[in-house]
Amino acid sequence: MANITISKRTVDAAQPGSRDAFLWDSDVKGFGLKVTPAGGKVYVFQYRVARPGETANTPARRYTIGKHGSLTPEQARARAKDLAVLVASGIDPREQEANKLAERDATKREVDERNRIANEMAFDRMADLWLDHYEHEKGRRPSSIAQASMVVRNHLKPALRNTPLPHIGRTDLQTIIDAVPAKQKAMRRTVFAYASIFFGWAMRRGCIPTNPLMSMAKPDAPKARDRVLTDAEVEAIWTASEALPAPWGQLYRLLLLTGQRKSEVAGLRWEELDRSVALWTIPANRAKNDKVHIVPLSPPVLAELDARAGGTIWPTSGYVLTTTGRTSISGFSKAKRALDETISKGRDGEQITDWRVHDIRRTVATGLQRLGVRFEVTEAVLNHVSGAKGGVAGVYQRHDWKEEKRAALDAWARQLGGAQPGGNVVKLEVRA
């Protein structure tokens, strides 16, 4: 272990032995050169750091500065001097380097995690995944699937895009809710509801710790509508429907004749129909209350369906109201505008104001009551679970009202007029 001035000449002259040999610099204490038996030459720095409670005879530690060739003797000596300053300050160079490596690893892990979150938990990617799950959940109604898709497509994706889920907060979501015009209360509630379903799903998957909408105020509910179409308005809608192209005209006439929900009529399939007994069976997964619903078919409904089938022998599968042969009809807003324009032309420019398609269902219910139909039967026709069918009565009352429903719908069809498509609508008669 000779002490010499470490220079290029002395380093080049150093020869390997049977084991590691060390040359120590005479100028910088602790700075040395290690020569391995294989001829490798490495600059080192040997030091002792006395910590509180330790004796002055603490074990020496050795720090590898670098290989000769990668470093010159002058560069290695300068690094040794820097290390000596650290040791004089009570800092262990090896521990400092280990801490830096740990910090660098932690930083890399943090960056990798951010990248993973950005890629794997981007809103647009997770929203598509949720919609796929939502669509295939047991008992999920097509109307609910369509609503979920609409909310994601029209409201959430344009605002959130590829923002990682953990970075989405209440402020982001409140901005989306506020973007819906205040007068569209039902739409605000719909956006809030499906956003909450999505973020609840993400929370259960472990993507986010909490559902941010749980602590947000739910938008105000819209005022319950009580709009009932007048006899003249019903007549105008029926007449205008005859001028619409198929299958849109049939949609509105079937809504008027059956009183069923728009989604149920629009999604009507041939396999749900039985002409031999004049019945339409709406399966549970298409009914709003998840219960099978039997709808007797009045003669005008049979005539409308015969017209769609091209005769009295009906197809055994597929959609009844379709423009593609593969999917049910869509584009209801456009069809409603066309119907309103046709109504306006037929009434010398006078329009039916402030009406929605769902008002037809309320009008049918009111019309049945005007005909003297029992309230329980009216609710059975509409497949409502409330009032007479709720509570204890709903548990023990198993009568299906099938014959009563048939009589009610037949009476209602007679009031609408004609057993053939194209029959004139007559005014409803009030039964005393």
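The values are calculated or read from the model by the stated rules, or taken from the named source; none is laboratory data. Fair warning: this is a prediction, and the values are worked out from it, not measured in the lab. In this analysis, Cβ positions are derived from the backbone assuming ideal geometry, glycine residues included, and neighbour counts consider all displayed protein chains.
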| task | Need at least 2 residues that are within 60 Å of the chain's Cα centre (by Cα) per element, so show me which strands (runs of 3 or more DSSP E) inside the range 1-103 make the cut, counting only ones lying wholly within it. | result | 61-67
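What number of residues in the range 310-334 are surrounded by 15 or more Cβ atoms within 10 Å (Cβ to Cβ) and either at pLDDT 95 or above or β-branched (Val, Ile, Thr) (or both)?
Total meeting the criteria: 7.
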| request: Identify all residues within the range 342-372 that are loosely packed, with under 13 Cβ neighbours inside 10 Å and under 15 Å from residue 252 (Cβ atoms); write none if there are none. | output: 356
| query | Can you spot a residue in the range 268-288 that is out of contact with any helix residue (DSSP H, G or I) (no Cβ under 6 Å at 6 or more places or on another chain), among the aliphatic types (A, V, I, L, M), crowded, with 20+ Cβ neighbours inside 10 Å and closer than 30 Å to residue 352 by Cα? | reply | yes
| message | Of everything in the range 203-231, what is surrounded by fewer than 19 Cβ atoms within 10 Å (Cβ to Cβ) and touching a residue at least 60 places away in the same chain (Cβ under 8 Å)? Give them in sequence order. | response | 207, 225, 226, 227, 228, 231
| request: Provide a single number: the residues in the range 56-81 that are among the acidic types (Asp, Glu) and more than 19 Å from residue 34 (Cβ to Cβ). | output: 0
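Across the range 306-354, which residue is farthest from residue 184 (Cα to Cα) among those that are among the acidic types (Asp, Glu) and not in a loop (DSSP other than H, G, I, E, B)? Quick ask: steps written out before the conclusion?
Looking only at the range 306-354, we keep the residues that are among the acidic types (Asp, Glu), and these are 306, 340-341, 348, 350, 354.
From what is left, the residues that are not in a loop (DSSP other than H, G, I, E, B) are 306, 340-341.
Values: 306: 39, 340: 21, 341: 23 Å.
Among those residues, the one meeting the criterion is 306.
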| query | For the range 226-262, which residues satisfy the criterion of being of a type in the set (Lys, Arg) and either in a helix (DSSP H, G or I) or more than 28 Å from residue 142 (Cβ to Cβ) (or both)? | reply | 253, 262
| message | Restricting to the range 148-185, give me the number of residues that are surrounded by 14 or more Cβ atoms within 10 Å (Cβ to Cβ) and more than 27 Å from residue 120 (Cβ to Cβ). | response | 2
| said: I'd like to check something: does the range 186-195 contain any residue that is basic (Lys, Arg) and either in contact with an Asp or Glu (Cβ under 6 Å, 6 or more places away or on another chain) or free of Cβ contacts under 8 Å to residues at least 40 places away in the same chain (or both)? | reply: yes
| said: Quick check on this structure: which one of 231, 290, 274, 226 is among the acidic types (Asp, Glu), within 26 Å of residue 329 (Cα to Cα) and modelled with pLDDT under 95? | reply: 290
